[in-house]
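Inspection log for the structure reproduced underneath, given as structure tokens.
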Amino acid sequence: MKRRTLAIAAGGIAAAGAAAVAVGMGTIATRLLRDAFRAERAIDDGPDEMLAAPTTGMLREWVETADGARINVEHYGPDDAGSDDDIVVLVHGWTCNTGYWYPQINHLAPTRPVVAYDQRGHGRSELGRTRPTIAMLGRDLDAVLAEVVPEGRRAVLVGHSMGGMTIMSWAAQHPDTVASRVSGVVLTSTAAVAVLKNHLLLPADLPRYSKPFEPLVARLFTSTPMPLLRSGRAAWLSHYIALGPHARKAHVDFVDEMIAACPPRSRAGWGSAMGTLDVTAGLEALRVPTTVVVGTEDRLTPPAHAEQMAEVLRRNGALRDLVVFDGVGHMSSIEAATRFNELLDEILADLAPATV
């Protein structure tokens, strides 16, 4: 009888615990959806021609990684045989693909060589059979650089979100060759450490009882391999999470479609990998002119991350500038494409060799 009573009591406690978890997580999810659906709608002012697929000639190649996965690499721009221009290498973020960089490719490719590649498991690139890790991102970038940057040339690395983490992961693994292979770096809407602990996705007015469940919700959001719903309201959620409050509808739709195209297994694998992010060693290794860019309305990698990275770079004498785009969310180089492209022009002019 006593055993039965204890079993019933234990079952009751377990049920109560499960119910508490369900209530806590349900409250967080409900409040998040409430805020997303109440938020200001995107501005419908027509298409953005900068998001059109580049018309400049593109050459595609496959780069094989150390574990055998194939990475889709795209070359844009004029034939630069004999040129000594630095090659701009664009590294996109989580759940994106090379299309994320269309505004920059359209701007730069008419006059200089540009390379963009799909991170593994994104776009055309294979995910492979090895569990995704942040170190793997750096190894993949190294394989791409070895293929696309000829001997005697250097790259300008431009990374967005997970792409910035990729650059820092690579630098951590190759600290002694950063300066010889790279002339400059742009870290855009990214973080070096604790990215899942310092986001601003969850509403500020959550009840106290739901606080213990916030880390679990963040892990489920990033690491669950579930297909994403496609609807007008799903785009509202993408807008709330990834873009600034006054984003254009053309940008919201483009981003929503790109995110939805990312395979659930890849999205979950890389989301899980970012849960243990710490590439501060790579940040320390960036001893080349590095520009940090962030939007004031970035919920995924808020300005506090940019300020922390800028402080490390400033201390090491590597900070070129900390650039803050007012009113812009996480997809900064799409939302503020004109300003971002002007910034790239300035950076590339600074890095250009002096002419006699």
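Here is how the numbers come out for the structure above:
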read-out	value
The stretch 114-127 - phi-based ³J(HN,Hα) in whole Hz, Karplus 6.51/-1.76/1.60, Gly and Pro as x	9, 10, 10, 9, 7, 4, 4, x, 10, x, 8, 6, 7, 7
Computed lengthening from D80 to A304, 0.36 nm per intervening residue step minus Cα-Cα distance	76.7 nm
In Hz, Karplus ³J(HN,Hα) per residue of the stretch 245-254 (6.51, -1.76, 1.60; θ = phi - 60°; x = Gly, Pro)	x, 10, 5, 7, 4, 4, 6, 4, 5, 4
Overall Cα dimensions of the stretch 44-175, principal axis frame, Å, largest first	43, 41, 23
Length released on extending from D67 to A349, taking residue separation times 0.36 nm less the Cα-Cα span	97.8 nm
Efficiency of FRET between Q173 and D44 - r from beta-carbon atoms, R0 51 angstrom, step 0.05	0.70
Radius, Kirkwood style, for the stretch 251-351 when every pair of distinct Cα atoms is counted (Å)	15.3
Built amide H within the under 5 Å cut-off of V182, gap 5+	A155
Heavy atoms of I71 accessible to a 1.4 Å probe, total area in Å² rounded to 10	0
The stretch 263-285-the stretch 104-135 distance, computed between alpha-carbon centres (Å)	16
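The values are calculated or read from the model by the stated rules, or taken from the named source; none is laboratory data. Everything numeric here is computed off the predicted structure, so don't read it as measured data. FYI the Cβ positions are ideal-geometry reconstructions off the backbone, even for glycines, and counts take in every protein chain you see. Just the protein is used for accessible areas: all its heavy atoms, side chains included, with ligands, DNA and RNA removed. Shrake-Rupley method; radii C 1.70, N 1.55, O 1.52, S 1.80 Å.
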